[in-house]
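Step one of this worksheet: look at the structure below.
The values are calculated or read from the model by the stated rules, or taken from the named source; none is laboratory data. Keep in mind that this is a model prediction, so the values were computed, not measured. Glycine also receives a Cβ, built like all others from the backbone with ideal geometry; neighbour counts cover every protein chain displayed. What goes into the accessible areas is simple: the full protein's heavy atoms, side chains included, and nothing from ligands, DNA or RNA. Shrake-Rupley method; radii C 1.70, N 1.55, O 1.52, S 1.80 Å.
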Amino acid sequence: MRHTLRLPVLLAVTAAVLTACAAPAPSEDTSAGSGVSGTVEVYAAASLQRSFDEIAAAFEEDNPDVQVTAVYDGSSTLATQIGEGAPADVFASADEKNMAKVADRAPDPQVFAGNTLVIVVPAGNPGAVDDLADLAGVTTVLCAPEVPCGAASATLLSNAGVAVTPASAEQNVTAVLTKVAAGEADAGLVYATDVVGRDDVEAIVPDGAADVVNRYPIAALADARNPDAAAAFVDFVLSARGQEILSAAGFRAP
């Protein structure tokens with residue numbers, strides 16, 4: 001049985017799920033006058049860009065002596081860069097597997113959000129896609145297997161007994177969404193949060209999506225150049241205000 005949700009409905013369902021889920025006790029909000037200053041470099045999964053841009057702005061408002069710079073890409077790419085010595089202060093991954101790759105630099109990761117997959121199609125659904133099985137017969141783009149959204153996609157398709165040969169395997173979820181929105185593909189698999197507020201694509205929640213949940217961990221790196229600001233940023237993401245921003249973007253409570 002399929003479940004097709006256009007964006008307004010998807011937003012309502014997402015809000016209801018988030019309200020129903022019991023959120024963990026948030027940490028204290030980072031507030032003005034905390035004494036942190038300088039620049040904090042955040043490496044974050046591409047699916048976090050919209051919400052982390054908002055979190056960074058709110059964090060800077062509370063900490064006027066701190067500037068946040070952010071690098072967004074696939075978690076596997078970021079983990080490789082961090083492992084090679086990239087000057088990151090904070091790493092926020094879309095899965096725990098890629099965080100574990102940099103365990104020597106990220107000794108205390110904490111899960112701060114969750115996400116699930118949807119089928120995304122261009123507005124109007126020209127490929128007449130209804131469910132996962134249809135992805136095998138249309139032009140489909142997926143995330144590469146080493147990327148969290150790619151690993152989750154493989155699990156979702158395997159659970160459904162569907163084999164898909166993608167037209168391309170992208171290094172981050174943003175690239176999948178961009179190709180579908182541009183009409184270069186009939187369908188793709190992206191996170192539910194990626195389609196929130198978009199009118200150039202439509203989303204279909206496939207059967208089994210709720211059983212494949214990506215857990216997002218964040219950590220201040222042990223060799224951060226600005227450890228105080230890094231710790232303060234992580235605290236902010238985990239705080240009530242940070243969690244409110246993530247919830248509004250469609251993320252699940254951890």
Item to check | In the stretch 204-247, residue surrounded by the most Cβ atoms within 10 Å (Cβ to Cβ) [restricted to those that are farther than 20 Å from Asp89 by Cβ and of a type in the set (Gly, Ala, Ser)] | outcome: Ala209
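If you go through the stretch 87-115 one residue at a time, how many are open to solvent by 10 Å² or more (accessible area, probe 1.4 Å), touching a strand residue (DSSP E or B) at 6+ places or on another chain (Cβ under 7 Å) and at pLDDT 95 or above? Before the answer, list the steps.
Start the filter on the stretch 87-115 by keeping residues that are open to solvent by 10 Å² or more (accessible area, probe 1.4 Å), which leaves 87, 95-97, 100-101, 103-105, 107-111.
Next, only the ones that are touching a strand residue (DSSP E or B) at 6+ places or on another chain (Cβ under 7 Å) stay: 87, 95-96, 108-111.
From what's left, at pLDDT 95 or above: 95-96, 109-111.
The number of residues fulfilling the criteria is 5.
Quick check on the stretch 117-139: of everything there that is of a type in the set (Gly, Ala, Ser) and touching a residue at least 40 places away in the same chain (Cβ under 8 Å), which residue is surrounded by the fewest Cβ atoms within 10 Å (Cβ to Cβ)? Before the answer, list the steps.
Keep residues of the stretch 117-139 that are of a type in the set (Gly, Ala, Ser), which gives 123-124, 127-128, 133, 136-137.
Now restrict to residues that are touching a residue at least 40 places away in the same chain (Cβ under 8 Å): 123-124, 127.
Working: Ala123: 15, Gly124: 10, Gly127: 18.
The selected residue is Gly124.
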